[in-house]
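*Asks:* The structure's right below; bear with me while I get my questions together.
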Amino acid sequence: MTAANGTNTTQSASGVQKSITGRGIAEGAHNWTVNCTDTATQVKQRNKDFTVDQTPPYINLSLPSEGSYINNNDVEFNWTATDYNGTLITCLLFVIRFTTFTKQR
C-alpha cells in the first residue's frame, strides 16, 4: 500500500489471493475497497468497513469503595466500562478472598 487513503495497482492471475499491508492506519472507522477490471474492461468493486482500536477500555470501579468494611454477605459490585463508541465490551468480575497468615515463632 502506498499510504493510508492511497491506492496501489497490481496485476495477478485469476484466482490468486493478493495481500497488501497498510501501515500507519489511524485509530477509527475505515472502509477498504477493491476495484478489479478484467481484459474485457468489465469492472467489479467490493468494499468492507473495519475499525482500528488500539486503546483498551477505561474501567471506573464504584462499589464497594477502596478499603470498605461491609457487614453483610450480599455485596454490590458496581463499575462502568467505556471503550470506542459502538463497541461491545465483555467484563469479567473476579472476587478473591484474602487470607491472613500468622507466623508463629
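The values are calculated or read from the model by the stated rules, or taken from the named source; none is laboratory data. Keep in mind it's a predicted model, so treat the numbers as computed, not measured. Using ideal geometry, Cβ is built from the backbone for each residue, glycine included, and neighbour counts are taken over all protein chains shown.
*Asks:* When residues of segment 34-55 are filtered for being loosely packed, with under 10 Cβ neighbours inside 10 Å and of a type outside the set (G, A, S), how many remain?
*Replies:* 13
*Asks:* Here is a further query. Among (1) at pLDDT 90 or above; (2) closer than 30 Å to A26 by Cα, which single condition is D74 missing?
*Replies:* All conditions pass for D74, except number (2).
*Asks:* Does T100 satisfy the condition of being part of a loop (DSSP other than H, G, I, E, B), under 30 Å from S14 (Cβ atoms) and not hydrophobic (A, V, I, L, M, F, W, C)?
*Replies:* When the stated conditions are applied, T100 does not pass them.
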